[in-house]
1. Of all the residues that make up region 310-354, how many are assigned to a helix (DSSP H, G or I) and in contact with a Leu (Cβ under 6 Å, 6 or more places away or on another chain)?
2. Here are the criteria: (1) open to solvent by less than 10 Å² (accessible area, probe 1.4 Å); (2) under 27 Å from residue 33 (Cα atoms); (3) of a type outside the set (Ser, Thr, Tyr). Tell me which single one residue 154 does not satisfy.
3. Being modelled with pLDDT of 85 or more, open to solvent by 60 Å² or more (accessible area, probe 1.4 Å) and under 24 Å from residue 279 (Cβ atoms) narrows it down to one of 420, 409, so name that one.
4. Being buried (at least 20 other Cβ atoms within 10 Å of the Cβ), more than 30 Å from residue 420 (Cβ to Cβ) and of a type outside the set (Ser, Thr, Tyr): is that true of residue 19 here?
5. Residues 86, 177: which one is open to solvent by less than 10 Å² (accessible area, probe 1.4 Å), over 27 Å from residue 257 (Cβ atoms) and more than 29 Å from the chain's Cα centre (by Cα)?
6. Can you tell me which residues in region 1-34 are modelled with pLDDT under 80, closer than 30 Å to residue 153 by Cβ and out of contact with any His (no Cβ under 9 Å at 6 or more places or on another chain)?
7. May I ask you to list the residues in region 319-336 that are of a type in the set (S, T, N, Q) and at pLDDT 80 or above?
8. As an exercise: evaluate residue 141 against (1) under 29 Å from residue 383 (Cβ atoms); (2) at pLDDT below 85 and give the number of the one condition it does not meet.
Amino acid sequence: MEIIAHYGTALVLIAAVFGFLMAWGIGANDVANAMGTSVGTKSLTIRQAIIIAMIFEFAGAYLAGGEVTATIRNGIIDPNAFVNAPDQLVLGMIASLLSAGVWLIVASYFGWPVSTTHSIVGAIVGFGVVSIGPESVQWDKFGGIVGSWVITPAISGVIAYFMFTSVQKLIFNTDDPLANAKRYVPFYMFLTALVICLVTIKKGLTHVGLHLSDAEGVQLSILISLLVAVAGWFYIRRQHYNLQSHDSKTLYANVEKVFGILMIITACAMAFAHGSNDVANAIGPLSAVAAIVGSGGEIGSKAHIAWWILPLGGIGIVIGLATMGEKVMATVGTGITHLTPSRGFAAQLATAATVVIASGTGLPISTTQTLVGAVMGVGLARGIAALNLGVLRNIVVSWIITLPAGAVFSILIFYVLRIFFS
């Protein structure tokens, strides 16, 4: 209690700085993962990807980021274990933010696509074990999070596999691929918009004071999705295509042009989905520090997220992508498998659907692993030879290193902070 009483304001300011650093690392690494498929297929330039991320990452973080924030804040360690030692919890959360933030920035500098969820979860578990003991960790919930690291890539991979298979069957393997692309792509636009609208309206808009019943939320989601599909239908038909040549290469290029339009929609969906889920990795520990200091050391099961915390995380994510995201974007966009707009669309929609659903249920999944699973699913639809197994091996190794690295850094920083403030 003495540390909070004497240094409360300073602790919140330090946590805010480290939380911003963590959000910066998320933007540099995980947002680059999310936008890498769009840039890798050349559907978007890096500049356009950054602009889209600025708008939709921030919107996802602010409107739909609260559900997972609660899990990061209270779901990994047991707050009740720190009732008599709130100082330790505050210092530990601050150490976790700095540990994960530094690791993400280092990884981004070298172009390693690592998991921000691994980083922060490992960091929180690390300080929890050394401060109170293993009993402070809610191992059942931690096990569920670890399980999601396997389950969610599998889910996104299966969705992407069947999504791209449907594209092949309905469009590419037909007598007139371009005509069928014009016919079916608006339907895929409808699905993409529906995924985002459902979770936003049902889970996210309570932050801005809009409360809708389940029926009203579904109706509004369907209406917005239909408008997106109709707008896409008109836009696709206004584009100019090369109809002079009838060779297969030209026909497929025309189809990929249609999917290039759809990639812009899915890029927006992916940015929103990522913002809604992964902003919690930065602001969950920060909100815990602010709540404990604000209550004078009292640890509650629930805490109101201060108005300034979600925007801080959103801004940090955007700046991280703009300044350091290019290397990781190249690794994901071109390294795992050759992506075309149609393949990138299937991977992005599958990832967005998986991440947004997880965000709505409060499960902090790894966007990196979800996207890699989706890209693998698209590659497997063309055969295992389409995958660069060497790149995949390196990515998996970086995932394995990340969790213990976050824990070790967090423990070291925690001891330094405890010595400094005591």
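1. Qualifying residue count, region 310-354: 2.
2. Of (1) open to solvent by less than 10 Å² (accessible area, probe 1.4 Å); (2) under 27 Å from residue 33 (Cα atoms); (3) of a type outside the set (Ser, Thr, Tyr), only one is false for residue 154: (1).
3. Working: 420 fails: under 24 Å from residue 279 (Cβ atoms).
Step by step, each of 420, 409 is checked, and only 409 is modelled with pLDDT of 85 or more, open to solvent by 60 Å² or more (accessible area, probe 1.4 Å) and under 24 Å from residue 279 (Cβ atoms).
4. Working: buried (at least 20 other Cβ atoms within 10 Å of the Cβ): yes; more than 30 Å from residue 420 (Cβ to Cβ): no; of a type outside the set (Ser, Thr, Tyr): yes.
Answer is no for this residue.
5. Criteria check complete, one pass: 86.
6. 32
7. 323
8. (1)
The values are calculated or read from the model by the stated rules, or taken from the named source; none is laboratory data. Since the model is a prediction, treat every value here as computed from it, not as a measurement. Note that each Cβ is placed from the backbone with ideal geometry, even for glycine, and that neighbours are counted across all protein chains shown. When the accessible area is computed, the model is the full protein with side chains, heavy atoms only, and any ligands, DNA or RNA have been set aside. Shrake-Rupley method; radii C 1.70, N 1.55, O 1.52, S 1.80 Å.
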